[in-house]
């Protein structure tokens, strides 16, 4: 997508290997994010469907000077890494797999964590992206909060800022369930039928999208105000790089 240099970039990542409930809820969140400011906010969606993400091999080639943080495995990781690096905010939307995230998304997070510091040659770079999480499963108590909590811990580990949607619908993020149905359009159909649980997760996804975007806009203005002070610490390099470009 093309745009002007002042745009705030909100990246939505659907961690599902298919197009279905996770992508539906992600689109709800991204539409709410765009509505915060149609002139300034640019949303972009990425799906794991059809993508290839191998697991981290622990080879530590990314730490070698000649590799400059580049992963030795060449697959779809590099493209998503670049999208992640360029985003001001990230919204993850994922199904629950074995009380956690799908393996493909875990492979991305593992490799991101192992390469990203070396990419910038910093011990603890301040990425300071605003991060929100959406999780949906087949069952009511199927691990949604554990999945969301994992993604928010990933955000903290990468010096990002985790947020939730607005209560009471959202405590940690947006969590929903399909009523034990396997169809990829289950939550959408339930929402259109005004089923309460589906209405709750849609409202949570909407508020999550808004809060992620609002905080990212506030953060950008604060960093611009304090740019000279932050520039004294190299760890703020990644986020100052984004602020100066935008």
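How big is the gap, in Å, between the Cα center of the range 40-106 and the Cα center of the range 142-186? Between the Cα centre of the range 40-106 and that of the range 142-186, the gap is 19 Å. The peptide list 87-93, 154-160, put in order of mean Cβ contacts within 10 Å with the highest first, becomes 87-93, 154-160.
With both labels modelled 7 Å from their Cα along Cα-to-Cβ, the residue 123 to residue 197 distance reads 4.8 nm. Based on the alpha-carbon gyration tensor of the chain and its eigenvalue square roots a ≥ b ≥ c, which shape applies: rounded if a/c is under 1.5, prolate if not and a/b is larger than b/c, or oblate? It comes out oblate by the Cα gyration axes. Given the options 187, 73, 101, state which has the largest fluctuation in a GNM of the chain using a 10 Å cut-off (strictly under) for Cα springs. Maximum fluctuation in the GNM of the chain, among the listed residues, is at 73. To check you understand DSSP bridge types, tell me what percent of the beta bridges within the range 8-245 (both residues inside) are antiparallel, rounded to 5. About 5 percent, rounded to the nearest 5. The modelled label-to-label distance for the pair residue 221/residue 49, using points 7 Å beyond Cα in the direction of Cβ, is 3.8 nm.
Here r is the Cβ-Cβ distance between residue 140 and residue 166 and R0 is 25 Å; the resulting FRET efficiency, rounded to 0.05, is 0.70. Of 8, 146, 232, 217, the sequence from fewest to most neighbouring Cβ atoms within 10 angstrom is 232, 146, 217, 8. Across the chain, Cα pairs under 8 Å and at least six residues apart give a relative contact order of 24 percent. Return the percentage of antiparallel bridges among DSSP beta bridges fully within the range 41-174, rounded to the nearest 5 %. That works out to approximately 10 percent antiparallel.
The angle between the Cα long axis of helix 21-36 and the main principal axis of the chain comes to about 60°, on a 0 to 90 degree scale. The slack in the chain from residue 38 to residue 74, taken as 0.36 nm per residue of separation less the alpha-carbon distance, amounts to 9.4 nm. One decimal place: the segment residue 66-residue 229 gains 55.5 nm when fully extended, by the rule 0.36 nm per residue minus the C-alpha distance. Computed from Cα atoms, the angle from the helix 103-120 axis to the main principal axis of the chain rounds to 20 degrees. By definition, a body whose alpha carbon gyration tensor gives a ≥ b ≥ c is prolate when a/c is 1.5 or more and a/b is larger than b/c, and the range 149-246 fits this prolate description.
Compared with the dominant Cα axis of the chain, that is its longest principal axis, helix 196-225 is turned about 20°. Helical content alone sets the calculated 222 nm signal of the chain at -14000 deg cm²/dmol, taking -39,500 (n - 2.57) per DSSP H segment of four or more residues and averaging over every residue. Structure remark: mean-square fluctuation, Gaussian network model of the chain, C-alpha springs under 10 Å; the largest value among 104, 190, 64 belongs to 64.
Every number here is computed from the coordinates shown, using simple stated rules; none is lab data. The model shown is predicted, which means the values in this text are computed figures rather than measured ones. Here the Cβ is made from the backbone with ideal geometry for all residues, glycine too, and neighbour counts use every protein chain on show.
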